Structure formats: C-alpha cells, structure tokens
1. Is any residue of the stretch B:138-153 close enough, with backbone N under 17 Å, to a label point placed 7 angstrom from the Cα of B:Q55 along the Cα-Cβ axis, and if so, which?
2. Along the stretch B:198-209, what does the Karplus equation 6.51 cos²θ - 1.76 cosθ + 1.60 (θ = phi - 60°) give for ³J(HN,Hα), rounded to whole Hz, x for Gly and Pro?
3. For chain A, what does the helix formula give at 222 nm: sum of -39500 (n - 2.57) over DSSP H segments with n ≥ 4, over the residue count, nearest 500 deg cm²/dmol?
4. Spelling out what I want: for every residue of the stretch B:411-420, take phi, set θ = phi - 60°, compute 6.51 cos²θ - 1.76 cosθ + 1.60 (Karplus), and round to whole Hz; glycine and proline get x.
5. Taking the Kirkwood radius as the inverse of the mean 1/r across Cα pairs, report the Rg/Rh of chain B.
6. Got a sec to turn the phi values of the stretch A:147-155 into Karplus ³J(HN,Hα) couplings, 6.51 cos²θ - 1.76 cosθ + 1.60 with θ = phi - 60°, whole Hz, x for Gly and Pro?
7. Could you work out the Rg to Rh ratio of the protein assembly as shown, with Rh taken as the Kirkwood radius (inverse of the mean 1/r over all Cα pairs)?
8. For B:440-453, what's the mean count of beta carbons from other chains sitting within 10 Å of each residue's beta carbon?
Amino acid sequence: MKIVTRDYLFARGWKSAAPLLLLLPGFGLYLLIAVGPSLATAVYSFTDATGIRGIAINWLGFENYDEFLFRGNASRDNIAALQRTLIFCFFVTTIQFCLGLLLAVLLNNRLRGRTIFRTIFFMPVILGVAIQGLIWKLFLLPRGGPVAEVFSWIGWSSEFLGGQPRQAFAWVIVVQIWANVGITMVIFLAGMQTIPESLYEAARIDGASGWQLFRNVTWPLLTPAVNTNFLLNIVGSLQAWQLFLVLIGYRPGTQVLGYLVFAEGFGQTSGSVVSAFRQGYAAAASIALFMLVLIIALAANAFVSRREKKYLS
Amino acid sequence: MNKSMFWRLGAVLLVFGLLGAACGSDDGDSSATTAAPAPAATEAPADPEPEPETQEDVTLRVLVHQNPPMVEFMEAFNESFEASHPHITIDLSVVEAGDLSIATQTRLSAGDIDVVGIFGFSNAAQAYMSGAVPPNWQTLIEAGLLMDITGQPFVDNYDEATIADAGSFEGKVYSINLGRVSYSGMFVNKDLLAANGLDVPTTWGELVTACEVVKAAGNECMTVGGADGWPVFVGAYGLLGAMYPDQEALVEGLWTGDITWDNDQSVEMFRRMQIYTSDMLEAGVTGLSHDAGPPRYAAGDVAFMPTGVWQAPALESAEPDFDWTYVPFPGSDNAEDNQYLFGKYDQGWAIAADTPHPEAALAYLEAFSAPDNYQAFANAVGFIPTQPTAVLDTHLGREVAPFLANYRVGFEQYWVAPAGAGQWANGSHAAAWFDPFNEWTDHVALAAQAQADLQAGLDAN
C-alpha cells in the first residue's frame, strides 16, 4: 500500500511552490491591512498631511517630532501623556495578570457552577468598547448610581469619572481590567488544562502542599500561557485609548498617548469647536507610541524567552 | 489528485479576487448611520414645489449632528421633500456633534456624502496669529471639497451678515447658516425665585446672594451637564463675556500680549469661575450628561441652568408648565455689562463639490430655505433666525428678544491656540478645571499657569 505523506504532497518540482501560493492571499491581506498603513504612517510623520483629499502634502523632515518632544509647553503635556501611558500599562498589566491567574486557579478546581463563573468573567470580553464604557458610565454616576450608593453605605463619596483626573484615570484602569481579565483567565485556564494530572498525583504522593503544587508544578508548566498573557497585557494596555474616549473624553490630566494621537489626527473637539486635522503630527505621535511599545515589548520578550529556557528547556 | 488540488487552489484565489473586487465596489448609496423612519415634527414643514416625474431616481446622502429637535424636524422635512420629489430618496445620517468633523472629513474625502451639516465658519487664522493652523472648514474649501453656491437663489433668503460671517470664504459662498445660538446666558426658574422673594439677578453680587438664599431654603443654585465636560465652561462663557465684552479684541490681546490671563481683571474672572464651579453648581453634576440637564432642571428645585438656548425645546418638552426665562449670565458687578448675549452660528448646510447629484442637492437646500419651512425649522429648533423674514415666535424668542440687539459672536468662535501652547492656555475653559472637575483649587495659581502655557506657545512661533 502506498502511503502519501504531507511532505510528499508538496515536495517535488514546481509543486513545492504550493505552500507559498496558499500563503499568498493571507500574506497579501497582511501587507494591505497591516504593513502598508504602518509604513504610510511612518512616511506621513515627516509631512504636514491633513488626511483631506485634495490638499498638498509637504515634506517637513523632523519638524513634527521636534514639536512633539520639544516645542513649548505642549511638549510637557505630551511627555506627561507618555508617562501616564506607562503608569496605565504597569497597573493594568500587573493587576490583570494576577487577577486572571487567581481566577483561573480558582475556576480550574471542581467547583460547583464553575462554568457559570467562567462565563460571567469572560462575558465583558465579547462586548464592544462603547458598550463597556456606557455600562460603567451608568454604574459610576455620582448621583444615584449603584457604586455611589454602595460607597454611601460606608460613608464614602466620589465624583468618579467626572472628577479629579487621577480618580477618573484610576476608574479607567478598573474598567480596562474588568473588560479584559476574562481573556487572561481563559488563556491561563487553557494552559492549566494541558498539565498532566499525573504530575500533581506524583507530587501529592511526595507530600506536596497546595502552594508547593502551584509553585513547583503549575507555575513552571504554565510558562507558555504566562508569557503569552504577559506580552498581550503589556501591548494591549500601551495601545488602549478607546475607553478614555468613551469614559472621560478629552480632559487635561487624563490623556494617554493613544488618545493624543486620535485627538491630534481628527481634531480635538470642545462643543462645536474643531481644531485642524493634523494627521502628519499625529503620525509622529503614533510613531513615538510605536517606539515605546517596541522597546517595552522587546524587553518583555527577552525576559519571557529567558524564562521559557529556564523552565522548559 | 494533485491537479485537482491546484484547481481548488486556483478557485480559492479566484474567490479572494472576487471578494476584493466586491469590497472595492461602491454604489455610492451606503451610509454609516441611517436614521429611523420619520416621526411627525412639532410643526409640519411647508411642501416644496413638485418636480417632473421623468427624472432619474437618486438617493441623496445627508449628514447632520445629533440635536433631538433638529433631527426630529429633519425627518419630517425629508418625508415631505420625498413626497414632493418622488425621484429623490433621502438617506439621513446622524452623528454626535463631537464626531461631525471626523464624519464630514472622511465622507467628503471618500465621496460618500452629498449634503453636509456644517457649523458656522469661525476660528479663522488672523494676520496676528503667527504659525496658526487654518481651521478645518477652510482646509475643506481649499481642498475643493465644498461646492461654491454663490448666486444660488436660495442664498438670498438669508441675511447678508450671516452669509458673509458664517458661510463665505474669499468672497465665495460655501454654506448657508440656519441659525445663531447664544451660549452665554442662563435659564432662570421664576417660580423658585418668587417663592424665595428674589428677583432675576442682574449683577454678580445679586447672583451670589440669590444662590445663598435658595440653598439656605434647601434648594440648589445651579445645574449643568457636567459629565460631558464642555457644558461646564460653556456655562461660564457669560462670565467671560461680562468681564471682556469685546471678545474678538480679547483674542487679539492675548495673542499680542496686551491682555494676559494673569492680569487683575482676568484673575478676578478666574476667581468668579471658581465660585461658579465649586460653590454654585450642585453636587453630582460631574455625572449629569448634557442631554440630562433639562429634565433635571425641570424638576423645579434648581434656580439657574447656565447653558445655550438650544436646550429650551428640551426644557419645554421635559415640563411644559415649568415657568422660566433666559437672561445673560450676570458676571459683572455692573448691570450694564451684563446686557450682552454671546454666541455662535450653529448648524448650516453645504454641498459636496463632487456630488453625483448636484441638482437634487440644490433642490434640497432650496426647499429647506423656503421661508415657510425655515420658520417652522426655527420654531422647532429654537435657533435665533438667520432669515430676515423669520421670527423666533416661541417662549424662548420672546424671552431673548430684549437682548438680541446686544448679540455678539463669542470668544470660542475667535480663539485659535498657538502651536506649542500648553493644555491650560485657553483660560475660557478654566471653569471646567476647578475642583470637582479637575485638580485646581487656587484661582491665582491657575491664572498664572494659563498665562504661562499661552506664553510658551507664543514664544515658540
């Protein structure tokens, strides 16, 4: 009997090009949707592009970058937005990672109704950002909202999203974590379910406690899931801005870099006043954000690669 | 087997190709947000002239911003227009006011719109504004995206000043503006004031006293839709106007250095803005949206609601028996300085230069501009009319009539920030930066910061 293997199928002559041809549509889409606009953004960052058809685009060299980083007090605000982006990333990544892991550990046990709990914790992930924002805007109404009501039971009061920038910023962190912790939990759960039960049984026979089981069996073997979540959380939180738009709007003291890009690119609005669309300048801000994401992601990747070698090699 | 696989591969590639072609096609009739079927408006618009039935069917894509009474009127008008122009179907898109500029730019650039709602032209870069970037409407005109409607008969229906100030650029007309609004006044709860033995305040001192009295009686002084941010500082535009009645000169003075945000007069203005924000506004307005403002105010236990006249229809709708008036915000100690209403040119119409249906678009604007229809529109929306034959024959119209002779275009329509200016440079927004809306608790420090941020921009150009 002749056995046809997958290698044989594409191995000889011109037929070996088949895998490449199969990849072609996907690669073409990737070029069209991801690489093309990214390269165009890099080029636009050196121009005064407005995004309006019919307006000439002039080459400005590094002027947009100079303005973004050094001109007047606007540069101070830009740097502050950059710092805020890092703070947002730190808190979201840390809390979402730990909370997601905790939920996964709890819901990996044979608890009664664990499927319902998994569904509840994952449900926010499937909602759009606008819906997530609107839900929390209602929750956080300072006058008669449910959270304000709960706060009043213990003598607290808050202006929530409309109040002090730091307070509003903290609430956006809460909502961002609520919206995304479900996916972190699911990735951890998937990782935990690949760990053979026999390893736990062996460890238990050796007298391992619950903490020792987690520390010496679960945690090392969860490395791929840990690394995936770590990188996803970092990159996702660095790029997040939509919740700021929905929950707070453009307010001094709350913008992150991603929102700054949007506001500059499409005109900051206050009532009916619309500033010019500075998409060249916004592209420069976008490249600054990209560099930030790239540096942090590379550092994080180096860290998780080392960790992977340590535990899995 | 292998040949079959390659045929399949070819078929897959063909499908992708067809999909790509399908995605690229555009019949020009698509719309992001289509309004619901038209309900009846408060007043029926006039029937425009019927047209011959032999014309080709067209779909006219129209974009407006969200303003409930206006959208309600537009839906009724569109129904009436479609009845009298059977070959034209109106595809109405409604977007939030803050998204209008983005939707306008993208849809004009994509050739995906025929008639656009556009705010009155303002914020033009002046000769003294070194390095200022032209406003968006100017860029749209320079890009050739708006149709030159100079000489169209319906343009003559509007007063010359409106066409010149709010719809023209370099001698050509690109927009007809449908109405002025005032944003510098405040609604006054007459019943509550009377119950507390108070008259309508005409000076800052009287306003402070009135607030103290109504609060002592267990009521609230002021409310405003604070959750949206901008209603807070718009509510204080009257205070700005009372302190600086010539707002065009104020902008020029700030640019040239003749006026500063930290001079004595400005510092006093910042002090009063802080009182307005921190003491006069009721607690919890940080969570009250702009649209929720009128129903809240109509509850009757709040004395004043500083906001634009555009909220009058919503207020009447929320509580028809509510007894109110609308007066300039008394920001000055001198009653004479508190006689001005400041505002802006609001909604207007423009036509996309490359519309495939120019005749239908012009017919639409002509029908809208018919005096009877325009009068119905002004009544429904509450705009101060820009057609000389129209009158604002509403409760609001009667209340603001004594002040219309003192109507002036406001600061917001003149202000352009210098590139490089910091985020606190526009001191007219200061009311929204005090506690509880933002971090500032010291008006002197904020005034100094506003001037420093402005100066940094001026020095950078």
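Only the coordinates and a few stated rules stand behind these numbers; no lab work does. As the structure is a computational prediction, the values presented were derived from the model and not from experiment. So basically every Cβ, Gly included, is an ideal-geometry build from the backbone, and we count neighbours across all protein chains shown.
1. B:152-153
2. These are the phi-based 3J(HN,Hα) values: 10, 8, 5, x, 10, 9, 4, x, 5, 5, 4, 5 Hz.
3. Working: 15 runs with 206 residues, N = 313.
Calculated from helices alone, the mean residue ellipticity at 222 nm is -21000 deg cm²/dmol.
4. With coefficients 6.51, -1.76 and 1.60, one gets 3, 4, 8, 10, 6, 9, 7, x, 4, x Hz.
5. Here Rg/Rh amounts to 1.04.
6. Residue by residue, the stretch A:147-155 yields 5, 4, 5, 5, 4, 5, 4, 10, x Hz.
7. Looking at the protein assembly as shown, the ratio lands at 1.02.
8. Average neighbour count from other chains, rounded to a whole number: 1.
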